[in-house]
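Provided herewith is a single structure, encoded as structure tokens, for subsequent inquiry.
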Amino acid sequence: MVSPLDQCVHCGLCLSSCPTYLETGLEMESPRGRLVLLNLWAQAPEQRDAAISQWLDDCLDCRACEAVCPAHVPTGHLVEAWRGESEDAPRPGRAQRLLMRLIENPRGLKWLQRLGRWSQTRVGRSLVRWWLTGREDSPLRLQQGLPPLQSRRLSREQITSNHRGPGDLWLFVGCVMDAIYAGTNRHAADLLRLAGLTVVVDPRQRCCGALHWHNGQRAQAQQWAQENIEAFESSGCRMVVVDAAGCLTALREYPVLLAGTPYEARAHAFSQAVFDALEVLSQHPLPPLPDQGLTVTVHDACHHVHAQGIRHQPRFLLERAGYRLVEMANASQCCGSAGIYNLAHPDMSRALLAAKVRAIPPQAEVVSAANPGCLLHIQQGLAASGTPVTAQHPLDLLWHAYRSQGYLPGGGARE
Amino acid sequence: MNEWLSSLVDIVGAPYVITHPAALKTYAQDGYTLASGMPRAVVMPGNAEEARAVVKHLYRHRIPVVARGAGTSLSGGAIPSDGAVVLHFSRMRTIRHIDWTNQIVQVDPGVINAEVTRALEPYGYFYAPDPSSQQACTIGGNFAENSGGPHCLKYGVTLNHIVMADVILANGEAVRLGSLAGEPEGLDWLGVLVGSEGTLGIATQLWLKMTESPTQSRTLAALFDEVADASEAVSDVIASGIVPAALEMMDRLAISAVERGSYPVGYPDDLAAVLLLELDGEAAVVDEEVKLVIDLMQRHHVRQVREAQSLEERALWWANRKTAFGAMGLISPDYYVQDGVIPRHLLPDALAFIDRTARRYGIRIANVFHAGDGNLHPLLLFDAANPADVERVQAAGLDILAYCVKHGGSITGEHGIGLEKLDAVRWQFTEAELAAQAMIKRLWDPDGLLNPGKVLPTPGRCVDFRP
């Protein structure tokens, strides 16, 4: 058996796929360079220092290198394992820790929602603006990427389950999606039902654990993974459906998270039942709609395009729903959000965001992105650049199109 | 800080001078893993002027310089000799100008090969040299190595596609070689520089020829049950006078690796060999040629001939073929790829010889190569952790190169001499030929500062050669 580090034959084909290499031009910020550093880290502990851990920790975990690697070297996974196991890996900062606390349970999520709503009141807005003056790196800058928040309830409280039997879909509502993008979860349920499927929202579901897993809190992530597996198994549903790319990949990678635990086999079965809402919808014959008069460009979330090979589905669905598509250059290059990477690596993250915003073609009116991190991050970049272009989840776009054509309740006219 | 170092910081700025030992270690190798060398610093110039100032400054201190693009060389071309300064061109990666009238593209040395074609494709043109590493490798590196690729069979190698270049000499002087008109006046200095592996000069700006995309392009995969049948079919295609755009071959071991890689195309696992053929040009001619080729394949007992049904399928077949070297990581910890060339009529005999060599040394050899121009790429699989394995592989490799030279071929088709083939150079050239090359080197670089220890065999080598 060839070990993952040995699998790298130094061909260098990964270099041009790596956002941090393209941004810095440094070999140690490339996947191939990081593998050399990981080897050094393991074999020469006396040489470990802050500079090396910074280069390693700069990895976005976007998986672009894994998708192009001819030898399937799991560089992203290896860096992730290093982050989790190494005591010298940079620890999450205050803002990251706060966010990770808030997403731990529905009560915290409600606080997250409340904070978001307050930040959009007149007083809240001026407070945020005052705080951000001269603070380029503040995590609070993400507030500028929030969608307009009206809802006082989490999506799990808004979506009624139409439980009928073993054919049901177990809708995974996530954490940030549940609080900040509650509307998108609702739209997902509406569209899946329009496609003739039944949807269940299980109150027992927990956060997927991705943020904790990728930030060195593996045990916590494992605990939630087990709870999610148990809840799904006892629900009698046949499929887990997700609408956030990050959660999708985390749920599908439960076998990796739970490897070597008694849950490993069950994690495999669970993983095979997980699907993205975009995958499910493109397998179902929703009616084609007339021209919506709106031009959309698709940003591919890393955990869709690189980790899961989902690229065709959002384009197919949006086109079927009557949107005009225009491709952006490097649609599959990371926007710099990368979970909560943007909070810990403001400089790199800002540089990648600037490149993403620059790549939006002039005809585009909307950027479609199927992941909450990307949505927040890109919307913030768009707001700062002063363009009227907005970032929206493809499910929201689809929902509006089907509703305007009278396929969904309250339809017949645009909102 | 030493004067030589602080001046470099003054020229390019502190973030672009790297001296951290762990960082330098990431620059110790390229795509060739049998050797390594530690640079004393890595410098990343932001433009040609900075690059020139850096070389000039290092010349004053007589510090050797090694240029690096993406570090994908398969012969160690970008491995620094110990103590050299690596000039990394990753910041200079802009396509400067597309001159549609003269059909010339002006690029920085750090521009990725595939990006040139991506910029031209929407307008019906492409950049012809397409090394398998084209998704990552740079034009500056292609210039240094005179890179080839599958489509060089019809379109020619890098040398045929660079018309002009700005080059820094060893002393930091800048010269422009070649001309936009194409044909050189007087001696063809540009021709001397292309393929000199960074030992004579360093390119800072290049002017490339664009090629009009063919109106029709058809891609076939011919599946064979016997390697001998496949190689005889290749000889027959060449003898028929047809010049395919590309004619590639992979054997069973290579197929088993790529089918487990990132771009599986679904080749049956009991195949002995697959030939990948591309025919392009005027539609009517191409259609005639396809018929003829299929007929030739059938005469050699082909199991099946498939045709790519869409552009996506064609792209997949090529991605499958072009990631073959990297895919070796799936079936072996290390590989050593060779680049020997043989006269094409000897293909069946050469493959049989490689097979016998593998058996004699008890090693596995996969074959992925440019069959159409007789450019072999035997991939000798080994485990670097096992010294006996390394020795067997190196001995087997030398046997194969000796075979190529003995039969009127060459030790390298496109990967360069680098560090890898320094010993074999002596078989290829006579003493007089080597002396003539050494004279050219002395003329351009009297102090031996540019990429020392490469291309020309010298008595003492300063690079650590494993084992």
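Taking only the stretch B:293-318 into account, find how many residues are among the hydrophobic types (A, V, I, L, M, F, W, C) and open to solvent by 80 Å² or more (accessible area, probe 1.4 Å).
1
While we're here: Counting just the residues of the stretch B:6-36 that are among the hydroxyl-bearing types (Ser, Thr, Tyr) and at the interface with chain A (Cβ under 7 Å from one of its Cβ atoms), which one comes out surrounded by the fewest Cβ atoms within 10 Å (Cβ to Cβ)?
Among them, the one singled out is B:Thr33.
Does A:Gln379 satisfy the condition of being in contact with a strand residue (DSSP E or B) (Cβ under 8 Å, 6 or more places away or on another chain), in a helix (DSSP H, G or I), open to solvent by 30 Å² or more (accessible area, probe 1.4 Å) and touching a residue at least 60 places away in the same chain (Cβ under 8 Å)?
Considered against the rule, which asks whether it is in contact with a strand residue (DSSP E or B) (Cβ under 8 Å, 6 or more places away or on another chain), in a helix (DSSP H, G or I), open to solvent by 30 Å² or more (accessible area, probe 1.4 Å) and touching a residue at least 60 places away in the same chain (Cβ under 8 Å), A:Gln379 comes out as yes.
Taking the conditions exactly as written (in contact with a Lys or Arg (Cβ under 9 Å, 6 or more places away or on another chain) and of a type in the set (D, E, K, R)), does A:Asp58 satisfy them or not?
For A:Asp58, the condition - in contact with a Lys or Arg (Cβ under 9 Å, 6 or more places away or on another chain) and of a type in the set (D, E, K, R) - is met.
Going through the stretch B:76-126 one residue at a time, which ones are assigned to a helix (DSSP H, G or I), in contact (Cβ under 8 Å) with a residue 40 or more places away in the chain and within 21 Å of the chain's Cα centre (by Cα)?
Passing the criteria: only B:Val116.
Can you pull out the residues in the stretch B:135-153 that are buried (at least 24 other Cβ atoms within 10 Å of the Cβ), among the polar types (S, T, N, Q) and within 13 Å of chain A (Cβ to nearest Cβ)?
The one that is buried (at least 24 other Cβ atoms within 10 Å of the Cβ), among the polar types (S, T, N, Q) and within 13 Å of chain A (Cβ to nearest Cβ): B:Thr138.
I need the full set of residues from the stretch A:153-177 which are open to solvent by less than 20 Å² (accessible area, probe 1.4 Å) and in contact with a Pro (Cβ under 8 Å, 6 or more places away or on another chain), in order please.
A:Leu154, A:Gly174, A:Met177
Does the stretch B:184-209 hold any residues that are open to solvent by 10 Å² or more (accessible area, probe 1.4 Å), hydrophobic (A, V, I, L, M, F, W, C) and over 25 Å from B:Val54 (Cα atoms), and which are they?
B:Leu187
Which of the residues that make up the stretch A:205-233 are outside any helix (DSSP H, G or I) and out of contact with any Phe, Trp or Tyr (no Cβ under 9 Å at 6 or more places or on another chain)?
The answer is A:Asn215, A:Gly216, A:Gln217.
Restricted to the stretch A:146-179, and to residues that are in a loop (DSSP other than H, G, I, E, B) and β-branched (Val, Ile, Thr), which residue is modelled with the lowest pLDDT?
Of everything passing the filter in the stretch A:146-179, A:Thr160 is modelled with the lowest pLDDT.
So, one more: Out of curiosity, is A:Ala89 small (Gly, Ala, Ser) and outside any loop (DSSP other than H, G, I, E, B)?
Judged against the criteria, A:Ala89 is not a match.
Looking at the stretch A:22-40 only, could you name the residues that are within 7 Å of another protein chain (Cβ to nearest Cβ) and closer than 14 Å to B:Tyr16 by Cα?
Answer for the stretch A:22-40, where residues must be within 7 Å of another protein chain (Cβ to nearest Cβ) and closer than 14 Å to B:Tyr16 by Cα: A:Gly25, A:Glu27, A:Met28.
Something else: Could you give every pair whose Cβ atoms fall below 7 Å, whose first residue belongs to the stretch B:182-201 and is in contact (Cβ under 8 Å) with a residue 12 or more places away in the chain, and whose second residue is in a loop (DSSP other than H, G, I, E, B) and of a type in the set (Lys, Arg), counting only separations of at least 6 or pairs across chains?
As it stands, the answer is B:Glu197/B:Lys454; B:Thr199/B:Lys454, since those pairs meet every condition given.
Only residues that are within 12 Å of A:Arg83 (Cα to Cα) and in contact with a Gly (Cβ under 7 Å, 6 or more places away or on another chain): list them for the stretch A:212-237, please.
Across the stretch A:212-237, the qualifying residues are A:His214, A:Gly216, A:Arg218.
Anything in the stretch B:324-346 that is more than 14 Å from chain A (Cβ to nearest Cβ), under 19 Å from B:Gly148 (Cα atoms) and part of a helix (DSSP H, G or I)? List them, or say none.
Once the filter is applied, which keeps residues that are more than 14 Å from chain A (Cβ to nearest Cβ), under 19 Å from B:Gly148 (Cα atoms) and part of a helix (DSSP H, G or I), the stretch B:324-346 yields only B:Arg344.
Oh, and also: Under 26 Å from the mean Cα position of the chain (by Cα), in a loop (DSSP other than H, G, I, E, B) and not aromatic (Phe, Trp, Tyr): does that describe B:Arg321?
No.
Considering only residues that are within 14 Å of chain A (Cβ to nearest Cβ) and part of a helix (DSSP H, G or I), look in the stretch B:37-55 and name the one that is nearest to B:His88 (Cα to Cα).
Here the residue is B:Ala51.
Quick check on the stretch B:287-323: of everything there that is within 14 Å of another protein chain (Cβ to nearest Cβ) and aliphatic (A, V, I, L, M), which residue is nearest to A:Pro70 (Cα to Cα)?
Taking the candidates together, the pick is B:Ala319.
Report the residue count in the stretch A:41-56 for those that are assigned to a helix (DSSP H, G or I) and either on the phi > 0 side of the Ramachandran plot or more than 7 Å from chain B (Cβ to nearest Cβ) (or both).
Going through the stretch A:41-56 one residue at a time, the tally reaches 10.
Among the residues of the stretch A:106-145, which ones are open to solvent by 30 Å² or more (accessible area, probe 1.4 Å), without any contact (Cβ under 8 Å) to a residue 60 or more places away in the chain and not in a helix (DSSP H, G or I)?
Scanning the stretch A:106-145 gives A:Gln120, A:Thr121, A:Thr133, A:Gly134, A:Arg135.
Here's something else I'd like to know. Can you name the residue in the stretch B:42-92 that is of a type in the set (S, T, N, Q) and out of contact with any His (no Cβ under 8 Å at 6 or more places or on another chain) and, of all such residues, is nearest to A:Thr20 (Cα to Cα)?
For the stretch B:42-92, the residue satisfying everything is B:Ser90.
Would the stretch B:117-129 turn up any residue that is farther than 26 Å from B:Gly453 by Cα and buried (at least 24 other Cβ atoms within 10 Å of the Cβ)?
Taking every residue of the stretch B:117-129 in turn, at least one turns out to be farther than 26 Å from B:Gly453 by Cα and buried (at least 24 other Cβ atoms within 10 Å of the Cβ).
Considering B:Asp355, B:Asp270, which residue is in contact with a helix residue (DSSP H, G or I) (Cβ under 9 Å, 6 or more places away or on another chain), surrounded by fewer than 23 Cβ atoms within 10 Å (Cβ to Cβ) and assigned by TED's automatic domain parsing to the domain that holds B:Gly418?
Within the list B:Asp355, B:Asp270, the selection yields B:Asp355.
Please enumerate the residues belonging to the stretch B:396-436 that are modelled with pLDDT of 90 or more, open to solvent by 60 Å² or more (accessible area, probe 1.4 Å) and among the acidic types (Asp, Glu).
Correct list: B:Glu431, B:Glu433.
Then there's this: Would you point out the residue of the stretch A:1-21, among those that are at pLDDT 95 or above and more than 7 Å from chain B (Cβ to nearest Cβ), that is surrounded by the most Cβ atoms within 10 Å (Cβ to Cβ)?
A:Cys14
Is it the case that A:Pro74 is away from every other protein chain (no Cβ under 11 Å), within 19 Å of B:Gly261 (Cα to Cα) and surrounded by fewer than 23 Cβ atoms within 10 Å (Cβ to Cβ)?
Spelling it out, A:Pro74 is indeed away from every other protein chain (no Cβ under 11 Å), within 19 Å of B:Gly261 (Cα to Cα) and surrounded by fewer than 23 Cβ atoms within 10 Å (Cβ to Cβ).
The values are calculated or read from the model by the stated rules, or taken from the named source; none is laboratory data. Since this is a predicted model, take the numbers as computed values, not measurements. Virtual Cβ from ideal backbone geometry, glycine too; neighbours counted across all protein chains shown. Ligands, DNA and RNA are stripped out before the accessible areas are found, and what is left, the full protein with its side chains, is counted by its heavy atoms. Shrake-Rupley method; radii C 1.70, N 1.55, O 1.52, S 1.80 Å.
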